[in-house]
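Worksheet: the structure to be examined is printed underneath.
The values are calculated or read from the model by the stated rules, or taken from the named source; none is laboratory data. Please read these numbers as outputs of a predicted model, since none were measured by experiment. Ligands, DNA and RNA are stripped out before the accessible areas are found, and what is left, the full protein with its side chains, is counted by its heavy atoms. Shrake-Rupley method; radii C 1.70, N 1.55, O 1.52, S 1.80 Å.
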Amino acid sequence: MAGADERPTEVGRRDIPLAGNRTLRVTEFSNGSLRIAVKTGSPYVITSLEQIDNEAVLKISPGREGSNAHKNWVRDHTQSDEEPS
């Protein structure tokens, strides 16, 4: 196990393809921690983090940067990047 001043070792990585040409990457480390990344051009916003029974549940949604992020702006990833008129 890594000491307090050492970075934990990566022990596994899994890429999961998503709709809209996005990828969810889950990386596991030797200390039991996980890193979850969404590979996409859009920023994501954490909308909730809960402990439900024996599960840690993280919910993220596509959002705009800055002050609009709290509105959890969502767009159809199959459409173009243009704003609706």
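Assorted remarks:
- The length gained on full extension between Asn21 and Lys39, counted as 0.36 nm times the residue separation minus their Cα-Cα distance, comes to 5.6 nm.
- What a 1.4 Å probe finds exposed on the stretch 1-60 is 48% carbon and sulfur by accessible area, rounded to a whole percent.
- The residues of the stretch 1-63 expose, per residue, 78 Å² of accessible area to a 1.4 Å probe.
- Cα-based convex hull volume of the stretch 19-61 per residue, rounded to whole Å³: 93
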